[in-house]
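Engineer: One structure, pasted below without further comment.
The values are calculated or read from the model by the stated rules, or taken from the named source; none is laboratory data. Everything numeric in this text was worked out from a predicted model, so none of it was measured. Virtual Cβ from ideal backbone geometry, glycine too; neighbours counted across all protein chains shown. Each accessible area value is taken on the protein alone, full model and side chains, heavy atoms only, with ligands, DNA and RNA left out. Shrake-Rupley method; radii C 1.70, N 1.55, O 1.52, S 1.80 Å.
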Amino acid sequence: MDLHRLPPLSALRAFAVAARYESFSTAAKALFVTHGAVSHQIRALEDELGVALFERHGKRVRLTSAGRKYAERVDEALVRLAEATRAVRAGNRDHRLTISTMPSFAARWLTPRIGEFIEQHPELELELLSSHTLVDFTREDVDVAIRMGSGQYPGLYVEKLLDDVFFPACSPTFRGGRLPQKPADLRGMTLLRSDNEPWRPWFQAAGLDWAEPRGGAMYEDSSLLLLAAAQGQGVALVRSSLAYNELASGKLVRLFDIAVPCPWEYYFVCPPPLLETPKMQAFRTWLLPAFAAFAEQLGEGGYHTPADGA
């Protein structure tokens, strides 16, 4: 076996995910990389193999016959590699805690606080994974997930951590400090957009019969949306839990007293057999009070509780 002739594992992984969805964009989201990174890795893989793995039709891609056959073998090999890795790690599983959560929440809430948990439990090896995709606990080496959603995760232990609200916010220097005084003043202003924070429900709560904004930039990640708003690029509809730091520091100011409940809530999710393990009990014992204290901070700051008309 000439291992030197094997393609890079990262390229094979990108190819396997892109082949599964027949979409470079979906693969990029699943792998938490850019569309260009996936495209580049697959192009390099094709060049190394000397075979076209995908047919390109504009932005759409489709597996070639050779690509489909190769995908079956690569996927089988990666599954076996993952199973082997999981088996090796199983011996140390009692002392390793793997947490999966959304990138924006990992960056803005969990990472700044998780050091306290690590100090309290130096016996645990912590691994933090950030991904927009839901965890498949039967196939992935993950112990617990913190997710925003409906809470409907059949077969899993689910515990609500926090609800959330939306409201508009902007930089205090937006438009030279000439900020909107009432909801109707938003007409004609730059409204920053995100797939996860649609404006239409807030418009309705504010008594505005306006359609969803269509112009301007669309931000997939909430952290980028907040950054754009803090830099004065427009008014953003923000979640109180993610915008807390900017609001508390004055980088953003809340507009109006109208908020709408977020349709998704934060949940602690894990397989029931893991719930009673010492490492999971340790993490849950730390996490729940941390969330309770954060909810109190949100309420004290006036960033969390919907006002009249919400």
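Engineer: Please work out which residue is nearest to Arg13 (Cα to Cα), limiting yourself to the range 37-55 and to residues that are within 29 Å of the chain's Cα centre (by Cα) and open to solvent by 20 Å² or more (accessible area, probe 1.4 Å). Explain how you work it out, then say what you get.
Structural biologist: First pass over the range 37-55, keeping only residues within 29 Å of the chain's Cα centre (by Cα): 37-45, 54.
Adding the requirement that they be open to solvent by 20 Å² or more (accessible area, probe 1.4 Å) leaves 37, 39-41, 43-44.
Details: Ala37: 12, Ser39: 12, His40: 13, Gln41: 9, Arg43: 13, Ala44: 13 Å.
In this case the residue turns out to be Gln41.
Engineer: Moving on to the next point. Confirm whether Ser240 is within 25 Å of Ala28 (Cβ to Cβ) and open to solvent by less than 50 Å² (accessible area, probe 1.4 Å). Before you say what the answer is, go through the steps one by one.
Structural biologist: On the way: within 25 Å of Ala28 (Cβ to Cβ): no; open to solvent by less than 50 Å² (accessible area, probe 1.4 Å): yes.
Judged against the criteria, Ser240 is not a match.
Engineer: Can you name the number of the only condition in (1) modelled with pLDDT under 90; (2) over 29 Å from Glu220 (Cβ atoms); (3) loosely packed, with under 12 Cβ neighbours inside 10 Å that Glu76 fails?
Structural biologist: Answer for Glu76: the failing condition is (1).
Engineer: For the range 147-169, which residues satisfy the criterion of being touching a Gly at 6+ places or on another chain (Cβ under 7 Å) and not β-branched (Val, Ile, Thr)? Walk me through it before giving the result.
Structural biologist: Looking only at the range 147-169, we keep the residues that are touching a Gly at 6+ places or on another chain (Cβ under 7 Å), and these are 158, 160.
Hit for the range 147-169 is Lys160, nothing else.
Engineer: Considering the range 15-34 alone, what residues qualify as being more than 22 Å from Ala66 (Cα to Cα) and in contact with a Lys or Arg (Cβ under 9 Å, 6 or more places away or on another chain)?
Structural biologist: Once the filter is applied, which keeps residues that are more than 22 Å from Ala66 (Cα to Cα) and in contact with a Lys or Arg (Cβ under 9 Å, 6 or more places away or on another chain), the range 15-34 yields Ala30, Leu31.
Engineer: From the list Ala211, Ala293, Ala282, exactly one residue is without any contact (Cβ under 8 Å) to a residue 40 or more places away in the chain, within 30 Å of Pro154 (Cα to Cα), over 20 Å from the mean Cα position of the chain (by Cα) and open to solvent by 10 Å² or more (accessible area, probe 1.4 Å). Which is it?
Structural biologist: Numbers: Ala211 fails: within 30 Å of Pro154 (Cα to Cα); Ala282 fails: without any contact (Cβ under 8 Å) to a residue 40 or more places away in the chain.
Matching residue, one of Ala211, Ala293, Ala282: Ala293.
Engineer: If you go through the range 133-165, how many residues are under 27 Å from Ala230 (Cα atoms) and touching a helix residue (DSSP H, G or I) at 6+ places or on another chain (Cβ under 6 Å)?
Structural biologist: To start, the set of residues in the range 133-165 that are under 27 Å from Ala230 (Cα atoms) comprises 146-149, 162-165.
From the residues that got through so far, the ones that are touching a helix residue (DSSP H, G or I) at 6+ places or on another chain (Cβ under 6 Å) too are 162, 164-165.
So the answer is 3.
Engineer: Go through the range 226-245 and give me each residue that's under 20 Å from Ile258 (Cα atoms), touching a strand residue (DSSP E or B) at 6+ places or on another chain (Cβ under 7 Å) and assigned to a helix (DSSP H, G or I).
Structural biologist: Correct list: Leu226, Ala229, Ser240, Ser241, Ala243.
Engineer: Answer yes or no as to whether Val158 is more than 30 Å from Lys251 (Cβ to Cβ) and either over 17 Å from the mean Cα position of the chain (by Cα) or surrounded by 14 or more Cβ atoms within 10 Å (Cβ to Cβ) (or both). Outline the logic, then answer.
Structural biologist: Values: more than 30 Å from Lys251 (Cβ to Cβ): yes; either over 17 Å from the mean Cα position of the chain (by Cα) or surrounded by 14 or more Cβ atoms within 10 Å (Cβ to Cβ) (or both): yes.
Yes.
Engineer: Picking from Ala14, Ala44, which residue would you name as being of a type outside the set (Phe, Trp, Tyr), closer than 25 Å to Leu134 by Cα and in a helix (DSSP H, G or I)? Don't jump to the end; show me each part of the working.
Structural biologist: Values: Ala44 fails: closer than 25 Å to Leu134 by Cα.
Just a single option satisfies the conditions, and that option is Ala14.
Engineer: Continuing with the same structure: I need the full set of residues from the range 204-219 which are touching a helix residue (DSSP H, G or I) at 6+ places or on another chain (Cβ under 8 Å) and not in a strand (DSSP E or B), in order please. First the steps, then the outcome.
Structural biologist: Initial filter on the range 204-219 (touching a helix residue (DSSP H, G or I) at 6+ places or on another chain (Cβ under 8 Å)): 206-212, 217, 219.
Selection gives Ala206, Gly207, Leu208, Asp209, Trp210, Ala211, Glu212, Ala217.
Engineer: Return only the number of the condition from (1) open to solvent by less than 70 Å² (accessible area, probe 1.4 Å); (2) modelled with pLDDT under 90 that Asp195 does not satisfy.
Structural biologist: The one condition Asp195 does not meet is (1).
Engineer: Can you tell me which residue is farthest from Lys59 (Cα to Cα) among those in the range 1-36 that are in contact (Cβ under 8 Å) with a residue 60 or more places away in the chain and open to solvent by 60 Å² or more (accessible area, probe 1.4 Å)?
Structural biologist: Arg13
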